[in-house]
Amino acid sequence: AGPKDAAAAHTAGSTWWIFQLFRELDDALLNLRFHEPEIGLVLVRVEGDPAVALAADALLAAGGDWFVREVAHYVKRVLKRVENTAKSFYAVADAGTAFAGTFLELFLACDRTYVLKDDGALKDGGAVQLGVSGVHAGLYAMANGLTRLQTRFLSAPAAAEAVLAHSGKLLDAETADKLGLATFAPDALDWDDELRLAVEERASFSPDALTGMEQNVRPAGPETMETKIFGRLSAWQNWIFQRPNAVGEKGALKCYGTPLRPEFDYRRT
């Protein structure tokens with residue numbers, strides 16, 4: 001193979017759909033961080049064919065080619081950027097969504113996961129399905145050195161293994177809920193109201209307190225240099241104790257124990 005063949009292969013690789021998708025997701029996260037400070041809660045949905053995602057995961061997990069390995073490392077960094085973004089993230093798995101494999105990792109990176117328990121009777125968009133693949137076994141380790149499944153089931157390792165046992169398979173909403181993948185799984189009758197209440201509740205809280213809480217809770221478990229920097233040190237010192245939403249004239253700590261209600265600046269950092 002000559003230089004032209006190498007250039008053609010590089011061009012083809014750079015347009016690999018999963019690489020391009022995560023580059024665009026990375027750009028969207030940075031845009032949110034720097035240009036949308038008043039957006040405090042992001043709802044995450046993934047649409048598409050879950051079988052296509054699982055097929056791409058088979059290549060990523062095998063990791064034979066250097067470019068495939070580099071793409072996997074890039075996806076890993078973008079997922080960690082989600083967890084280091086000062087916004088709340090709710091994954092919304094409703095009709096037509098495809099949280100499969102690598103996208104199930106994105107689902108697990110969110111602060112809450114809502115799954116529409118459809119009983120196989122949804123009319124619009126088809127049944128809700130989540131897919132498990134080999135990437136959950138350690139390809140995208142978090143800042144704490146654990147997988148997202150290990151972190152989610154920190155006190156119940158057997159539960160993480162139970163999810164991995166379904167590798168290569170698609171799960172319906174009922175099974176996903178039984179495996180512990182859903183924060184909440186209302187049925188179609190309650191779905192709209194439950195999701196609305198969850199959004200309104202989170203949007204009413206102090207953004208600084210939320211940022212500090214999220215930075216500490218997301219990488220639960222073993223403390224590493226990354227979790228010290230992005231969680232314990234940055235979050236608590238920069239957001240919890242020192243910002244006006246806490247210690248300002250109408251901050252939460254100043255109003256605590258009084259009949260006054262705190263007034264928050266809802267811009268996220």
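The values are calculated or read from the model by the stated rules, or taken from the named source; none is laboratory data. This is a predicted model, so every value here is computed, not measured. Surface accessibility is based on the protein's heavy atoms, side chains included, excluding ligands, DNA and RNA. Shrake-Rupley method; radii C 1.70, N 1.55, O 1.52, S 1.80 Å.
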With Cα coordinates, the longest principal axis of the chain makes an angle with the long axis of helix 207-217, in degrees rounded to 10, of 50
Whole-number value, in Å³ per residue, for the convex hull of the alpha carbons of the chain is 151
Looks like region 11-138, by Cα gyration tensor root eigenvalues a ≥ b ≥ c and the a/c under 1.5 rounded cutoff (else prolate when a/b is bigger than b/c, oblate otherwise), is oblate
For the chain, averaging the sequence separation of alpha carbon pairs under 8 Å that lie six or more residues apart and dividing by its residue count, the contact order in percent is 19
Highest GNM mean-square fluctuation among 136, 35, 73, for the chain with Cα springs under 10 Å, belongs to 35
So the carbon and sulfur contribution to the accessible area of the chain, 1.4 Å probe, in percent, is 57
Taking a ≥ b ≥ c as the square roots of the eigenvalues of the Cα gyration tensor, with a/c under 1.5 meaning rounded and otherwise prolate when a/b exceeds b/c and oblate if not, region 161-246 is oblate
The value for region 118-269 (convex hull of the alpha-carbon atoms, volume per residue, Å³) is 157
Given a 1.4 Å probe, the accessible area of the chain per residue, as a whole number of Å², is 52
Longest principal axis of the chain (C-alpha) makes with the long axis of helix 66-83 (C-alpha) an angle, in degrees to the nearest 10, of 20
In nanometres, the difference between 0.36 nm per residue of separation and the alpha-carbon distance of residue 242 and residue 155 is 28.1 nm
Full extension between residue 38 and residue 266 adds, at 0.36 nm per residue less the Cα distance, a length in nm of 81.5 nm
